[in-house]
Amino acid sequence: MSAVTDPPRSWPFDPTRFFAARAAGHGGLLGIGYRDHGPDWAELELPYDPRLIGDVERGVLASGPILALMDMATSVGVWLRLSSFHPHATLDLRIDYLRPATAGRSVIGRGECYRITRSIAFVRGQAHDGDPADPIAHVAGTFMAPEGYR
Amino acid sequence: MKLPPYAEALGLSVEPGPEAPVLVMPFGNEVLGRPGFLHGGALGGLLEMAAIGALNQMLEGEGGECRVKPVNVTVDYMRGGRDKTTRARGSVTRLGNRIANVEAIAWQDDEARPIAAARMNYLILR
């Protein structure tokens, strides 16, 4: 009989490899891709796609894809701050829509993790469509790790 | 209720209701997050669409032309969304002259056990 080993609870996190491997699922439908990262933040890009329009008259993207973008950017921000991947779930996410996204432009989302406790990660972020000084959305939220972050 | 392209991308269909429509989202690759579970973004998108559906139905009942703009949304995720159909319905808490406060819940088996809920504020341009 071979020894049974539990799968590791966490492992080193590399955002570029993570996004290269994630073409399937909702993120794949939205076409969300990696742009940049730092020690506690990640910047992702949501390309403009007519299939994602929420306001047909003005050609403006629906808010759902922007919510998905910011959920992913802030989630990756948590793993970067931890320097390792931990399974976790979004507890809550709030978005303030500062102005509509411009039709035809990609949305850039930057998510940051500013505090981690034993089981909760606190995140915030902004989304813009070309000029970071003129954001389209601001987010704040929390994630929870059922087995703890540390 | 006329659905925008994003709703079609999520595969949504509409079940009319007396107060508000119920939006139905099948499980599939388009809405998959981590393996076997719904993506939080897709679920948030569904809740927002359900909230707008409820608000539009109430505004149509009032007559008169107006447009709505989302101000903000807060989504609470309560249970992981599993490999099954998800339904969502909005309800208008208060409709004023300029602002509407709307809630929405999403459930899978039992409406009394929601998997996620959202609160939204809308600006109304009459």
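The values are calculated or read from the model by the stated rules, or taken from the named source; none is laboratory data. Values in this document were obtained by computation on a predicted structure and should not be read as measured data. All Cβ positions, glycine included, derive from the backbone under ideal geometry; neighbour counts span all protein chains shown. With ligands, DNA and RNA removed, areas are computed over all heavy atoms of the protein, side chains included. Shrake-Rupley method; radii C 1.70, N 1.55, O 1.52, S 1.80 Å.
Just a few scattered comments:
- Subset of the range A:100-114 (residues that are in contact with a helix residue (DSSP H, G or I) (Cβ under 9 Å, 6 or more places away or on another chain) and open to solvent by 70 Å² or more (accessible area, probe 1.4 Å)): A:Arg110, A:Tyr114
- For the criterion of being among the hydrophobic types (A, V, I, L, M, F, W, C), free of Cβ contacts under 8 Å to residues at least 24 places away in the same chain and open to solvent by 10 Å² or more (accessible area, probe 1.4 Å), A:Val60 fails.
- When residues of the range A:32-50 are limited to those that are within 11 Å of chain B (Cβ to nearest Cβ) and closer than 24 Å to B:Pro35 by Cα, the one most open to solvent (accessible area, probe 1.4 Å): A:Ile32
- Scanning the range B:82-126 for residues that are touching a residue at least 60 places away in the same chain (Cβ under 8 Å) and of a type in the set (Ser, Thr, Tyr) returns B:Thr85, B:Thr86, B:Ser91, B:Tyr122.
- In the set (1) within 11 Å of chain B (Cβ to nearest Cβ); (2) in a helix (DSSP H, G or I), A:Phe18 fails one condition alone, (1).
- Boolean, A:Asp55 is at pLDDT below 80 and facing chain B (nearest Cβ under 8 Å): yes
- For the range B:50-87, a residue qualifies if it is aliphatic (A, V, I, L, M) and open to solvent by less than 20 Å² (accessible area, probe 1.4 Å), and the qualifying residues are B:Ala50, B:Ala51, B:Ala54, B:Leu55, B:Leu59, B:Val73, B:Val75.
- One residue stands out in the range A:120-150 among those that are among the hydrophobic types (A, V, I, L, M, F, W, C) and within 18 Å of A:Pro39 (Cβ to Cβ): the one that is surrounded by the fewest Cβ atoms within 10 Å (Cβ to Cβ), namely A:Phe122.
- Complete set of residues in the range A:80-110 that are on the phi < 0 side of the Ramachandran plot and more than 13 Å from every other protein chain (Cβ to nearest Cβ): A:Leu80, A:Arg81, A:Leu82, A:Ser84, A:Thr102, A:Arg105, A:Ser106, A:Ile108, A:Arg110
- Only one of B:Val68, B:Val14 that is within 11 Å of chain A (Cβ to nearest Cβ), touching a helix residue (DSSP H, G or I) at 6+ places or on another chain (Cβ under 9 Å) and farther than 26 Å from A:Ile32 by Cα: B:Val68
- Among residues of the range B:55-74 that are under 20 Å from A:Val60 (Cα atoms), those with a beta-carbon under 8 Å from a residue that is of a type in the set (Asp, Glu) at least six positions away or on a different chain give the pairs B:Pro70/B:Glu48; B:Val71/A:Asp96; B:Asn72/A:Asp96; B:Val73/B:Glu48.
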